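The values are calculated or read from the model by the stated rules, or taken from the named source; none is laboratory data. Since the model is a prediction, treat every value here as computed from it, not as a measurement. Glycine also receives a Cβ, built like all others from the backbone with ideal geometry; neighbour counts cover every protein chain displayed.
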Ligand SMILES: O=C(O)CCC(=O)C(=O)O
Ligand SMILES: [Fe+2]
């Protein structure tokens, strides 16, 4: 079980800096809420404290701010966790396929084109408001429904480790974000199931975003076996903590490599039922201004439905990951 960390114990160096208030997230077996951070002036000692808290609280941190952040401030907070990764859907191969006119552009050329349009390639805007004018914009009805459990961008070889969501506009009700600890899920994996999956890989599909909307240039595969994605080990090891986590990506178009499709479907249903048990989950109700950071290696997340007459806008950044380490070779 997760030990309850002692939140009052701060390193001596912290006495010289503005104090951060750190407390466990209410109602969760993991996660901490941090207040008192000035994202324009993050000290080395605060950085170390944030990283320690993230580890002791198993990969989920909520920074509460009383105002909206500037893009540079969100990037400064992102830099505490790692190097920027491109937002999905902007660069070919990262949640996007080249359209006819764009074929053969290198990543650098695509980047230059985005910059020329004034687009920040590291920032994703997720919502039904125009990110610049804040005018309501038409979106697919699926946006308002339930978004499936997933880890971000796990259809690429080296998925981002951290994702940061910054709440710009949120409905009074609905649109919560769920998090589910895959470290807890791995600890409670029945032995027979562990033995069965220890050396297996699951392909994580890139066709659809988590709301079920097809990504730019993508069309439905004939079957999960043909889906475009990347195979990852079902059980991964997390460098730095030594923990093991279940790594499933998303259920839609998931495929256990080497199995007959019906066998794969059955095993995935069993794994998902285990991995998403209520006991491993926490449901976050947002306040405007908050930034929630999670470790995609340790946690699944999903979004609860919301009323289609309401507005919700998040900014999201993500950090470059490192090679996925299988728990068993
Ligand atoms: O908007 C949310 O609450 C979650 C969206 C999501 O899955 C993400 O930003 O990765
Ligand atoms: Fe996501």
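Pick from 148, 141: which is within 22 Å of residue 207 (Cβ to Cβ) and surrounded by 13 or more Cβ atoms within 10 Å (Cβ to Cβ)?
Details: 141 fails: surrounded by 13 or more Cβ atoms within 10 Å (Cβ to Cβ).
On inspection, the qualifying residue turns out to be 148.
Looking only at the range 277-320, which residues are within 20 Å of residue 58 (Cα to Cα), within 15 Å of ligand 2 (Cβ to nearest atom) and outside any strand (DSSP E or B)?
286, 296, 297, 298 - these are the residues of the range 277-320 that are within 20 Å of residue 58 (Cα to Cα), within 15 Å of ligand 2 (Cβ to nearest atom) and outside any strand (DSSP E or B).
What number of residues in the range 160-186 are at pLDDT 95 or above, out of contact with any helix residue (DSSP H, G or I) (no Cβ under 6 Å at 6 or more places or on another chain) and either surrounded by 15 or more Cβ atoms within 10 Å (Cβ to Cβ) or within 19 Å of residue 250 (Cα to Cα) (or both)?
17
Scan (1) away from ligand 2 (no atom under 16 Å from the Cβ); (2) surrounded by fewer than 17 Cβ atoms within 10 Å (Cβ to Cβ); (3) closer than 30 Å to residue 223 by Cα for the single condition residue 264 breaks and write down its number.
Every condition holds for residue 264 apart from (2).
Answer yes or no: is there a residue in the range 81-94 that is touching a helix residue (DSSP H, G or I) at 6+ places or on another chain (Cβ under 6 Å), modelled with pLDDT of 90 or more and closer than 29 Å to residue 59 by Cα.
The answer is no; no qualifying residue exists.
Residues that are within 18 Å of the chain's Cα centre (by Cα) and not in a strand (DSSP E or B): does the range 259-268 have at least one?
So far as the range 259-268 goes, no, none of its residues is within 18 Å of the chain's Cα centre (by Cα) and not in a strand (DSSP E or B).
Could you please find all residues in the range 61-79 being within 25 Å of residue 184 (Cβ to Cβ) and in contact with a helix residue (DSSP H, G or I) (Cβ under 8 Å, 6 or more places away or on another chain)?
Correct list: 61, 63.
At least 1 residues that are modelled with pLDDT of 95 or more and within 22 Å of residue 178 (Cα to Cα) in each: list the strands (runs of 3 or more DSSP E) lying fully within the range 199-241 that qualify.
In the range 199-241, 201-205, 235-237 are the strands (runs of 3 or more DSSP E) which contain 1 or more residues that are modelled with pLDDT of 95 or more and within 22 Å of residue 178 (Cα to Cα).
Can you tell me which condition residue 312 does not meet? The list is (1) surrounded by 20 or more Cβ atoms within 10 Å (Cβ to Cβ); (2) closer than 21 Å to residue 126 by Cβ; (3) touching a helix residue (DSSP H, G or I) at 6+ places or on another chain (Cβ under 7 Å), and all the others hold.
(3)
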